[in-house]
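K.L.:
Sharing a structure with you now.
The values are calculated or read from the model by the stated rules, or taken from the named source; none is laboratory data. None of the values given here were measured: they were computed from a predicted structure. Neighbour counts run over all protein chains shown; Cβ positions are idealised from the backbone, glycine included.
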Amino acid sequence: MNRRAFLAGLTALTTSRSWAADYPLVLPGRTLVFPRDHGAHPDFRTEWWYITGWVKDAAGNDFGVQVTFFRTRPRVQEDNTSAFAPKQILFAHAALADPRVGALLHDQRAARDGFGLVGAREENTDVRIDDWSLRLVGDTYIARVVSRAFEMALEFKASGPILLEGDRGFSRKGPEAAQASYYYSRPQLAVSGEIAVGNGRTRVTGIAWLDHEWSSEYLAQAAIGWDWTGVNLDDGGALMAFRMRDKAGAAYWAGGTLRDAGGNVRRLRPEDIAFVPMRQWRSTRTGVNYPVAMRVRAGELEIELAPLMDDQELDTRITTGTIYWEGAVRATRGGVAIGRGYLELTGYWQPLKL
């Protein structure tokens, strides 16, 4: 389940765009305050805490890891005093990319808030669905996932300042003022912990990226899909870039943020961003073609992204109604390795719609 595909899966709960008027607006000029804004914002329509990263075991094997929690306020039965009323719905998704397996291991959860087993606290990051959880303790995110195919017990330690995306955390996603979110990132997270597949457990270390984003109206009707990347640069810098594609496959909107090794931050405008496909991969399961290798221009920085492995496709039609690709990628510049991150490709199977 990716962050934008998640919105497409809410159609059964909120079918009219007019419902956005029942949610708080995302407005420029709001100052994000921490640790409060690490926590949940239950009045808003949608929200996610999204961790993606690269880890390595003692033998030198690389893995891609993803742990994500989503929250939505469906605006149904809010007057119902029953604890079973679905006032807040949580989804969670976890994935492990292991080139030795050749395809993603992934699992997902969904549940209504309540009973002390499912919820998202407002004071700080603390989200859980049963035995899946993500908590922020001090400067460290602690993730626990117990799935049928794998387990993760990972810690992600933050260092350096929070990266406010867009205009001090107000991130435009389209030409209309309402098409925006509050959005910040925490790049360069130091990862340590254990992953388990089958009966084998292994210690891993690595680097990761966290996005936390919340909004009330997010999708532009003219957009059919998105390409997004978050890259931890080896020199300590960070790049986030995205483009929203129209029906012709051209960029409908784009943006991003580039922080250099010295901590200087540049806000990237739509004209500063370009995604150019370099190589396609076709899924044998779904027949979908994905541009899994990309050349990305972000201002004066131009990099090439190549996947850890080609098959990092997720079929989440049961929960979100879509199929998409999201995976670990290496970043190079002029043939020289400069970073590692994740690439997200949506709308290549079918247009995403609300």
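K.L.:
Just to be sure, is Tyr141 modelled with pLDDT of 95 or more, assigned to a strand (DSSP E or B), touching a His at 6+ places or on another chain (Cβ under 8 Å) and farther than 25 Å from Ala103 by Cα?
P.N.:
Judged against the criteria, Tyr141 is not a match.
K.L.:
Now, a different point. Any residue at all in the range 102-114 that is charged (D, E, K, R) and buried (at least 22 other Cβ atoms within 10 Å of the Cβ)?
P.N.:
Scanning the range 102-114, I find no residue that is charged (D, E, K, R) and buried (at least 22 other Cβ atoms within 10 Å of the Cβ), so the answer is no.
K.L.:
May I ask you to say which residue of Ala274, Ala248, Ala254, Ala261 is outside any helix (DSSP H, G or I) and either closer than 13 Å to Gly237 by Cβ or in contact with a His (Cβ under 7 Å, 6 or more places away or on another chain) (or both)?
P.N.:
Testing whether each residue is outside any helix (DSSP H, G or I) and either closer than 13 Å to Gly237 by Cβ or in contact with a His (Cβ under 7 Å, 6 or more places away or on another chain) (or both) leaves just Ala261.
K.L.:
Could you please let me know if Thr332 is surrounded by fewer than 19 Cβ atoms within 10 Å (Cβ to Cβ), modelled with pLDDT of 95 or more and in contact with an Asp or Glu (Cβ under 6 Å, 6 or more places away or on another chain)?
P.N.:
Against the criterion (surrounded by fewer than 19 Cβ atoms within 10 Å (Cβ to Cβ), modelled with pLDDT of 95 or more and in contact with an Asp or Glu (Cβ under 6 Å, 6 or more places away or on another chain)), Thr332 qualifies.
K.L.:
Can you name every residue in the range 278-294 that is farther than 16 Å from Gln350 by Cα and either surrounded by 12 or more Cβ atoms within 10 Å (Cβ to Cβ) or touching a strand residue (DSSP E or B) at 6+ places or on another chain (Cβ under 6 Å) (or both)?
P.N.:
Listed by number, the residues that qualify are Met278, Arg279, Gln280, Trp281, Val292, Ala293, Met294.
K.L.:
Kindly list, by first and then second residue, each pair from a residue in the range 66-87 that is surrounded by fewer than 18 Cβ atoms within 10 Å (Cβ to Cβ) and modelled with pLDDT under 65 to a residue that is of a type in the set (Gly, Ala, Ser) and not in a loop (DSSP other than H, G, I, E, B), limited to pairs with Cβ atoms under 7 Å and residues at least 6 apart or on different chains.
P.N.:
Filtered contacts from the range 66-87: Ala83/Gly114.
K.L.:
Every residue in the range 203-231 that is within 22 Å of Lys56 (Cα to Cα) and either surrounded by 21 or more Cβ atoms within 10 Å (Cβ to Cβ) or in contact with a Leu (Cβ under 9 Å, 6 or more places away or on another chain) (or both), please.
P.N.:
Val204, Gly206, Ile207, Ala208, Trp209, Leu210, Asp211, Thr229, Gly230, Val231
K.L.:
To continue, here is another question. When both residues are 6+ apart or on different chains and their Cβ atoms are under 6 Å apart, which pairs have a first residue that lies in the range 191-202 and is among the aliphatic types (A, V, I, L, M) and surrounded by fewer than 11 Cβ atoms within 10 Å (Cβ to Cβ), and a second that is part of a strand (DSSP E or B) and at pLDDT 90 or above?
P.N.:
Within 6 Å, no pair qualifies.
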